[in-house]
Amino acid sequence: MVKAKKYIVQKQFDGLPKSTDLKIVEEELPPVKDGEFLAEAVYLSVDPYMRALSDTVPIGETFLGTQVAKITQSKNPDYPVGKYVVGPFGWRTHAISTGGPFASGLPKVWIVPDPEGLPLSLFLGILGMPGNTAYFGFLDICKPKPGETVVVSGAAGAVGSIVGQIAKIKGCKVIGIAGSDAKGKWLVNDLKFDHFINYKDPKFTEKLEELTPKGVDCYFDNVGGQISSEVLHRMNKQGRISVCGSISSYNDRDVKAGVVQYDMVFKQLKMEGFVVYEWFDRWFEGIEQNKKWIKEGKLKYSETVTKGFDNTLKAFVDMLQGGNTGKAIVQL
Ligand SMILES: NC(=O)c1ccc[n+]([C@@H]2O[C@H](COP(=O)([O-])OP(=O)(O)OC[C@H]3O[C@@H](n4cnc5c(N)ncnc54)[C@H](OP(=O)(O)O)[C@@H]3O)[C@@H](O)[C@H]2O)c1
C-alpha cells in the first residue's frame, strides 16, 4: 500500500495565502488498476495561476498544480515504468492516473521528452508550460519585427525572462520591468536585455519615457494594473499587446480598473488575451525550439528551488511576493 501526502484546502485564500489555509494530510492509495499508473513526484511547480484559480478548488479537495513525476508502477502501456511525466496531479507526493482526460482547460499527462542532459525540473519551466507561454504567447500574438521596441512586465520571472530573450533573438530592443534592482542586473548583465526599470522606483514613468524614445511596438503583459496603463500610454500606432496575466490583482479582487480605451482607440492597438493550452497541439514544437536555443547558448534560465514537500506553500507565497528569479520550483 502506498501512502501519499497531499495539501487539501481548509479555507479559501483571502489576500496573500496563509499557512492555515491549506493542510497536509496522508492518504492510502488503492492498488493500481488496468489502464492506470502510479507516479511519484520529483518536482512540484508553484505558479501564479494557482492563486488566480484557487477559488475553484472546493474545501477538502487537493490543491491544484502540476508536477514532474516518475512512473513507479503501471498497468497502462502508454505510460511505462521508469518514464517521467508532467501531470496536473495537484500538490501531492504520489498520484494514480490514467493519463487523462482531465477537466477542461487542463492538459493530459505528457511524457517528458529526452532532456539531453538538462535538468528534469526545466519541464515545469523553460521546457514546459511557462516556456511555451513565452514562445507562443509572444511570437504568435505580438508578431515582433527586428528593430521594434518590446516591453515585458514580470520580466525576471519564469515567463517574462524567456519572452525578453526570445525578443532579443528576434532582433528587438527589449526593456524589462521587475521589482528589484538585483533582478534588473540579472536581466541586463546575464540575459542581455537592453534596459531594466524597477516598477517600485518613484521615477518609473519618467524612466519608461526616457528608455522608449521611439515608443513601444510590443508589450507582453504579465502583471496588469498601473504598470500596464503606463506602458499603454507609450505604445505606438498599430502596437500589439499580449495579455498573459495580471498578477498585480491576484491577491486583491478589489481591482481598480484603469481606462485603456483611449490608447486602444487612438493608437489602433491590438490587445489579445490567451491561455497557453490553446497551443496544446503544438506543445512539443515550443519545447524543442526552446531546448535548441538553450543548447545554442541563446536562452538562459534560472530557477529558485525550495527543498521539501512540506515547504510548498511557503515557496508559493514567496513566489507571489517576488522571492523568485526565473522559475519557482519545489524539489521533493
Ligand atoms: N496566459 C497563460 O496561459 C499564462 C501561463 C503562465 C503564466 N501566466 C501568467 O504570467 C504571469 C507570470 O507568471 P510566471 O509563472 O512567470 O510567474 P513569475 O513571474 O515567475 O512569478 C511571479 C512574479 O510576479 C511578480 N509580482 C508579484 N506581485 C506583483 C505586483 N503586484 N506587480 C508586479 N509584479 C508582481 C514578482 O516579481 P517582482 O519581483 O518583479 O515583483 C514575482 O516574482 C502571471 O500573471 C501568470 O498568471 C499566464
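Since every read-out is calculated from the coordinates, none of them should be taken as a lab result. The model shown is predicted, which means the values in this text are computed figures rather than measured ones. Methodologically, a virtual Cβ is constructed for each residue, glycine included, from the backbone with ideal geometry; neighbour enumeration extends over all protein chains shown.
The charge dipole of the range 129-276, taken about its Cα centre with unit charges on the Cβ atoms of Lys, Arg (+1), Asp and Glu (-1) only, comes to about 320 debye. Length gained on full extension, LYS214 to VAL265: 16.4 nm, using 0.36 nm per residue less the C-alpha separation.
Phi-derived couplings, Karplus 6.51 cos²θ - 1.76 cosθ + 1.60 at θ = phi - 60°, listed residue by residue for the range 273-278: x, 7, 10, 4, 5, 4 Hz, with x used for Gly and Pro. Residue by residue, the range 42-52 carries 3J(HN,Hα) couplings of 10, 9, 10, 9, 10, 10, x, 4, 5, 6, 5 Hz when phi is fed to the Karplus relation 6.51 cos²θ - 1.76 cosθ + 1.60 (θ = phi - 60°); x denotes Gly or Pro.
Distant-in-sequence amide contacts of GLY239, defined by a placed amide H-H separation under 5 Å and a gap of 5 or more residues or a different chain, comprise LYS270. Considering only GLY171, GLY137, GLY128, the mean-square fluctuation computed in a Gaussian network model of the chain, springs between alpha carbons under 10 angstrom, is largest for GLY171. Among beta bridges identified by DSSP and lying wholly in the chain, the antiparallel ones come to about 55 percent. If you take the Cα centroid of the range 84-159 and the Cα centroid of the range 253-332, the two points sit 9 Å apart.
So if R0 is 41 Å, what FRET efficiency would GLU26 and TYR277 give, r being the distance between their Cβ atoms, rounded to the nearest 0.05? Once the sixth-power term is evaluated, E becomes 0.85.
Neighbour counts of C-beta atoms inside 10 Å place SER74, SER19, SER242, SER45 in the sequence SER19, SER74, SER242, SER45, starting with the fewest. Per q in 0.12, 0.20 Å⁻¹, report the Debye log10 I(q)/I(0) for the range 129-276, using one uniform scatterer on each alpha carbon and no solvent. Relative scattering, expressed as log10 I(q)/I(0), comes to -0.42, -1.29. Taking 0.36 nm per residue of sequence separation and removing the Cα-Cα distance, the ASP55/LEU118 pair yields an extension gain of 19.2 nm. Remark: VAL265, VAL188 ranked as VAL265, VAL188, counting other beta-carbon atoms within 10 Å and listing the fewest first.
Rounded to the nearest 20 debye, the dipole size of the chain about its Cα centre is 560 debye, using +1 on the Cβ of Lys and Arg and -1 on the Cβ of Asp and Glu.
Eigen-decomposition of the gyration tensor built on the alpha-carbon atoms of the chain gives equivalent ellipsoid semi-axes of 36, 22, 17 angstrom, largest listed first.
With neighbours defined as other Cβ atoms within 10 Å of a residue's Cβ, the residues VAL152, VAL276, VAL159 order from fewest to most as VAL276, VAL159, VAL152. For the options PHE280, PHE136, PHE123, a Gaussian network treatment of the chain with springs between C-alpha atoms closer than 10 Å singles out PHE280 as fluctuating the most. Among GLY160, GLY99, GLY176, the largest mean-square fluctuation in a Gaussian network model of the chain, built with springs joining Cα atoms closer than 10 Å, belongs to GLY99.
The count of lysine pairs in the range 1-154 with alpha-carbon distances below 14 Å, taking only pairs 8 or more places apart or on different chains, stands at 6.
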